[in-house]
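A short write-up of the structure that comes next.
The values are calculated or read from the model by the stated rules, or taken from the named source; none is laboratory data. Quick caveat: nothing in here was measured; it's all calculated off a predicted structure. With ideal geometry, Cβ positions are generated from the backbone for all residues, glycine too; neighbour counts draw on all protein chains shown.
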């Protein structure tokens, strides 16, 4: 697994929010490392991870899986909401909602109640403030927002080198590829890693040469999906 590189300050900010029981919004473009940041901090901090769903019920079921007996997951949304509110009011927990994409008002109303429960911490990630949808009503304070900016060029280079080793690219003509990847990714760690991963696919290789143009087109398409 490729380690998180160039995000020490962001790791510290997220760690402090969890330990101080302060909710936090994490914003960053696709590939900026929002999910990777959560995975890295999960090794040392306890929280419930929820992958965002456009409808509320799957979120309730996933949350119930972490808090309630297995048979509770069969209840309706209305019943689940009551059970989950009661469980979290009795034993507050930290909850991460990853990849929010235009949340609905039912989702907002459920998490609004939790937001104001003492001890409950909500960590939300999204590409930008507009993507929060109705949940923007909760995460409105810029002081409680963490922006994942592009990596510093030196960190981007270190990440490329680790990814090149991880995906076995050293037998290829990697120097020209390195320059093109770093120039195209513009400090986006997810794009750097993905292009290195794709370069290990023989369809993008001719002899020792990595065919950058088709690889880049396919990589961009994946990040725009």
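Things to note:
- Neighbours by Cβ (under 8 Å, 6+ apart or cross-chain): first from segment 94-117, under 13 Å from residue 84 (Cβ atoms); second in a loop (DSSP other than H, G, I, E, B) and modelled with pLDDT of 95 or more: 95/47; 95/120; 111/138; 114/120; 117/92
- Just one of (1) surrounded by 14 or more Cβ atoms within 10 Å (Cβ to Cβ); (2) assigned to a helix (DSSP H, G or I) fails for residue 151. It is (2).
- Of the residues making up segment 47-57, not a single one is buried (at least 16 other Cβ atoms within 10 Å of the Cβ) and closer than 30 Å to residue 153 by Cβ.
- Odd one out for residue 165, checked against (1) outside any loop (DSSP other than H, G, I, E, B); (2) surrounded by 20 or more Cβ atoms within 10 Å (Cβ to Cβ): (2)
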